[in-house]
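Enquirer: Dumping the structure here so I can ask a few things about it.
Each reported figure results from applying straightforward, stated rules to the coordinates on display, with no laboratory input. What you see is a predicted model; the values in this text were computed from it and never measured. Heads up, the Cβs are rebuilt from the backbone with ideal geometry, glycines too, and the neighbour counts pull from every protein chain shown.
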Amino acid sequence: MHSPLARLPPLDPLRGFVAAAHHLSFTRAAEELFLTQSAISRQVQALEAALGVTLFVRGIRSLSLTPEGARLAAAAEGWLDDYARLADALRAPGPRPVTVTSSIGIAALWLVPRLTRFQALHPDIDVRLAAGNRLVDLAREGIDLAVRYCADRDAPPGAERLFGETVLPVACPALAARGLDRHTLPETVLLEFDDPGYPWLRWHDWLAAMGLGDVRPRAMLGFNHYDQLIHAAVAGQGIALGRAELIGQLITDGRLGVLDAGRREVAGRGFWLITAPGAPRPEVARFAEWLRAEAGAGAGAMERGEGSAVSPSPPRPGSFR
């Protein structure tokens with residue numbers, strides 16, 4: 001016996017369909033849901049395939065509902081409104097924490113070390129950090145804010161650029177004082193970020209630009225998580241290519257030293273603040289404003305020396321770190 005639930009068409013595309021039906025625009029629906037236009041189009045196509053009907057008449061520069069689409073839109077808006085009200089009623093009473101997501105590296109190196117300052121300023125606001133490299137739907141997973149790293153062209157509509165990216169060699173102060181040249185490199189361990197999608201964070205091109213491409217280091221130590229690589233540098237295990245904006249506090253505190261080997265500004269990429277759809281709660285707005293202030297302070301502290309621009313190779317599609 002087949003369950004009626006198993007016969008239901010896919011439910012997730014309903015949100016994209018309802019937003020597109022409301023705006024009669026895939027682009028504006030994508031902006032509302034913090035998705036791409038192509039994602040909304042795929043959701044609608046999936047729903048049409050499951051139902052076996054056409055929901056929209058697609059013109060060159062226009063979009064209109066078919067009779068079947070109009071019937072579904074009228075019914076689905078009511079279903080989703082009822083579900084939203086029920087979800088609000090079921091949520092635990094009392095103050096809700098500000099829930100923030102970021103990649104593991106951003107959380108460990110930039111966000112967590114700063115949270116004490118926020119707590120000192122706003123002891124009445126609870127914060128929940130959901131770190132992970134998986135992209136999430138903020139509204140669906142109950143997340144208020146996201147701090148993500150991506151190519152500028154991949155930033156979703158409404159995202160705010162917090163700061164860019166500067167790369168420079170760093171190590172514990174004792175290793176940094178030795179420098180990096182033909183004499184020291186053969187006795188030096190280089191810490192390598194094991195991600196081919198981010199060649200500007202790997203040593204091959206950097207050494208070539210320094211005229212050291214023909215010199216072998218004592219060893220290469222690879223890491224697939226960037227925060228682990230930086231912790232190894234702090235522990236004196238080798239020299240790393242540091243992302244200055246993330247590790248600025250470690251440099252300021254004297255736990256990492258900067259080698260006199262140049263610095264590079266990574267073109268077309270940055271760290272972005274993304275807010276869940278809808279008007280933010282007052283405590284979310286205060287946390288977002290604090291994030292902007294921290295980002296501005298950190299960027300100002302990093303403004304020293306002249307960096308050479310480097311254009312990174314295209315990362316994997318939709319890559320956020």
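Enquirer: How many of the residues making up segment 234-255 are over 22 Å from Gly296 (Cβ atoms) and touching a strand residue (DSSP E or B) at 6+ places or on another chain (Cβ under 8 Å)?
Expert: Of the residues in segment 234-255, 6 are over 22 Å from Gly296 (Cβ atoms) and touching a strand residue (DSSP E or B) at 6+ places or on another chain (Cβ under 8 Å).
Enquirer: Continuing with the same structure: Those residues that are within 21 Å of Gly236 (Cα to Cα) and under 30 Å from the mean Cα position of the chain (by Cα), I need them from segment 205-225; list them, please.
Expert: Trp206, Leu207, Met220, Leu221, Gly222, Phe223, Asn224, His225, listed by residue number.
Enquirer: Out of the residues in segment 111-129 that are in a helix (DSSP H, G or I) and touching a residue at least 24 places away in the same chain (Cβ under 8 Å), state the one that is surrounded by the most Cβ atoms within 10 Å (Cβ to Cβ).
Expert: Restricting to residues being in a helix (DSSP H, G or I) and touching a residue at least 24 places away in the same chain (Cβ under 8 Å), the top hit is Leu111.
Enquirer: Still on this structure, I have one more. Are there any pairs, at least 6 apart or on different chains, whose C-beta atoms fall under 9 Å, with the first in segment 21-41 and on the phi > 0 side of the Ramachandran plot and the second outside any loop (DSSP other than H, G, I, E, B) and of a type in the set (Ser, Thr, Tyr), and if so, which?
Expert: Leu24/Ser64; Phe34/Thr275
Enquirer: Could you list, in sequence order, the residues of segment 244-280 that are more than 30 Å from Trp206 (Cα to Cα) and exposed (fewer than 15 other Cβ atoms within 10 Å of the Cβ)?
Expert: Residues satisfying the conditions are Pro277, Gly278, Ala279.
Enquirer: May I pose another question? Mind listing whichever residues of segment 268-280 are in contact (Cβ under 8 Å) with a residue 24 or more places away in the chain and either touching a helix residue (DSSP H, G or I) at 6+ places or on another chain (Cβ under 9 Å) or over 23 Å from Tyr149 (Cα atoms) (or both)?
Expert: The answer is Gly268, Arg269, Gly270, Phe271, Trp272, Leu273, Thr275, Ala276, Pro277, Pro280.
Enquirer: What tally of residues in segment 43-52 results from selecting those that are surrounded by fewer than 16 Cβ atoms within 10 Å (Cβ to Cβ), part of a helix (DSSP H, G or I) and without any contact (Cβ under 8 Å) to a residue 24 or more places away in the chain?
Expert: Summing the residues that are surrounded by fewer than 16 Cβ atoms within 10 Å (Cβ to Cβ), part of a helix (DSSP H, G or I) and without any contact (Cβ under 8 Å) to a residue 24 or more places away in the chain in segment 43-52 gives 2.
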